[in-house]
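The next block holds one structure in the form of structure tokens; read it before the comments.
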Amino acid sequence: MSEAKTHAQASRERRDIVSGEVRDEAGLIRFVAGPDGLVVPDLARKLPGRGLWVAADRASVETAARKGLFSRAAKAKLQAPPDLADQVEILLRRRILAALGLARKAGDLTSGFEKVVSAISSGKAAWLIEASDGAHDGRRKIWAQARRQSPPPGVLGLFTSAELGLALGLENVIHTAFLAGRAADRWAQDVHRLAGFSPLLPESWREEP
């Protein structure tokens, strides 16, 4: 049993072409060479071709593009666009929003102040998704409740109420909780990868708890 587990863990490990370190796929971004020799992000890890893996942070992707490390790893002439890290950030944001929509349909999300507070107090909330343009007062009350939990749920505040509403098919989305479970764990992998490219909370929230 332990040997099978070790093999499964090894199959999820890849070498980062920038640092040379072998790391779990969860902390890496896969890239492939497109038909035109252009380096393309493959966040779903499903595109054909040899995978070129880079640590999930802006500095690593920019270094790989700037120093020609994709070509070196592929042993072929590849072109990495200068905005490759920005492309990864945009694609991750889209994946995260799309997954929230699927999670709502599956019953893994709850929205609205009272429902979110209830999910937190019952220990069911794995993540809090707060609208970036939501009022400070409501957010403060939500966070006060969250701090009583051990461990407290994660917090994501990148998306506006309109963006969340469009993803969830709801209006006036300010407070949302992603309920603990496998779906939340999978979703959190993309959130953690996104953290390497963008802060998860607005700058204006820095002084808040």
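Miscellaneous remarks
- Quotient of the Cα radius of gyration of region 1-122 and 2.2 N^0.38 Å, N being its number of residues: 1.33.
- Based on protein heavy atoms only, the chain ends up with 55 Å² per residue of surface accessible to a 1.4 Å probe.
- Whole-number D in µm² s⁻¹ for region 51-143, Kirkwood Cα-pair radius fed into Stokes-Einstein, 37 °C, 0.692 mPa s: 198
- Gyration tensor (alpha-carbon) shape descriptor, region 143-209, a/c threshold 1.5: rounded
- Packing-based ranking, highest mean first, of 133-142, 113-122 given that Cβ atoms within 10 Å are counted: 113-122, 133-142
- Cα centroid separation, region 11-69 to region 167-209 (Å): 24
- Listed candidates [x] 24, 20, 17; [y] 35, 20, 15; [z] 38, 22, 11 - label of the one calculated as semi-axes √(5λ) of the Cα gyration tensor in Å: [y]
- Most to least packed among 198-206, 22-30, 99-107, 171-179 [average Cβ atoms within 10 Å]: 171-179, 22-30, 99-107, 198-206
The values are calculated or read from the model by the stated rules, or taken from the named source; none is laboratory data. For clarity, every value in this text was computed on a predicted model and none was experimentally measured. Please note: Cβ atoms are built from the backbone with ideal geometry, for glycine as well, and neighbour counts cover all protein chains shown. What goes into the accessible areas is simple: the full protein's heavy atoms, side chains included, and nothing from ligands, DNA or RNA. Shrake-Rupley method; radii C 1.70, N 1.55, O 1.52, S 1.80 Å.
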